[in-house]
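Q: Let me begin by handing over the structure; questions about it come next.
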Amino acid sequence: MCGRFVLSTSTRDLAVIFNAQADDVLADDGDRQGIANFNISPTTDIVAVTAEHGNRHLERFHWGLVPSWAKDPSIGSRTINARAETVATKPSFRAALRKRRCIIPADGFYEWLKVPGQRVKHPMYFHPVANEPFAFAGLWESWQSPSSPNEVLRSCTIITCMPNEIVEPIHDRMPVILPRTAWDTWLSHGTNEVDALQVLLVPAEPSIVAVYPVSTAVNNARNHGSMLVERLDHLDVETIFDFDADPEF
């Protein structure tokens, strides 16, 4: 699963990278301070890229998809991720896959490593090799409260797939990371054939992902700040990998 990630790229830079307009909520977040979060956890608000009439938009969504038919929003705590293998058939996700897809920008994500001799699992930070955010494949929905018709909740989920060889030693799932060449297809309202979408839901090329250990302060979702993504030099993880997980190791 993907249960914790990072976004520190400014709204202005995200708008340029994804060729998107910022909605009214994000318009005032032009500097990094507006949306920077180094420990994003489920059921919080996150940023996603959507498309309408050929135009892309940056918008805020609740992380944890709430289907339109849900009785209440509590289901969102169990739908932060959708599995690529079943997203086309699961009732919570299948309609959104055809009609409401999004891209969720992330500067990196965390997974936890079992270190021999240590009781607490250790957080590892997976980040792009290139100097721009990952583009996670996502889905979104709008939910209207049965008791308050004016209450509308827009929510989203991150699609996960089998891990590539960088993630596999740490975890058995990873977020689907869309290459730039797939962005138009994924966001297009003209693409609703499941087969055309399913071919995009595959592990990312290992060459675009790097990893290093970070502080266990990440384990507490209340901790925030750029110190969470600082590399720990004293934890030896080289023996875990039989490949060059990060060029700086």
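The values are calculated or read from the model by the stated rules, or taken from the named source; none is laboratory data. The model shown is predicted, which means the values in this text are computed figures rather than measured ones. Ideal geometry is used to build each Cβ from the backbone, glycine not excepted, and the neighbour counts take in all protein chains shown.
Q: I'm trying to understand the selection: among the residues of the stretch 4-44, which are within 30 Å of Ser74 (Cβ to Cβ), part of a strand (DSSP E or B) and at pLDDT 95 or above?
A: Residues satisfying the conditions are Phe5, Val6, Leu7, Phe38, Asn39, Ile40.
Q: So, one more: Considering each residue of the stretch 142-161, count those that are over 11 Å from Trp63 (Cα atoms) and in contact with a Pro (Cβ under 6 Å, 6 or more places away or on another chain), and give that number.
A: Within the stretch 142-161, residues that are over 11 Å from Trp63 (Cα atoms) and in contact with a Pro (Cβ under 6 Å, 6 or more places away or on another chain) number 2.
Q: Another question, if that's okay. Are there any pairs with C-beta distances below 7 angstrom linking a residue in the stretch 144-155 that is in contact (Cβ under 8 Å) with a residue 12 or more places away in the chain to a residue that is of a type in the set (Ser, Thr, Tyr), with the two at least 6 apart or on different chains, and if so which?
A: Arg154/Ser142
Q: Tell me which of these Met174 doesn't satisfy, since it passes every other one: (1) among the aliphatic types (A, V, I, L, M); (2) under 18 Å from Phe5 (Cβ atoms); (3) in contact with a helix residue (DSSP H, G or I) (Cβ under 9 Å, 6 or more places away or on another chain).
A: Every condition holds for Met174 apart from (3).
This table checks each residue for (1) more than 23 Å from Ile17 (Cα to Cα); (2) assigned to a loop (DSSP other than H, G, I, E, B); (3) touching a Ser or Thr at 6+ places or on another chain (Cβ under 7 Å).
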residue: Glu132; (1), (2), (3): no, yes, no
residue: Thr157; (1), (2), (3): no, no, yes
residue: Pro163; (1), (2), (3): yes, yes, no
residue: Thr185; (1), (2), (3): no, no, yes
residue: Gly190; (1), (2), (3): no, yes, no
residue: Leu197; (1), (2), (3): no, no, yes
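Q: Looking at Ile80, is it over 16 Å from Gly3 (Cα atoms) and under 19 Å from the mean Cα position of the chain (by Cα)?
A: Taking the combined requirement at face value, the residue does not satisfy it.
Q: I've got another one for you. Take the residues of the stretch 83-110 that are in a strand (DSSP E or B) and of a type in the set (D, E, K, R): which is farthest from Cys2 (Cα to Cα)?
A: Selected residue: Arg101.
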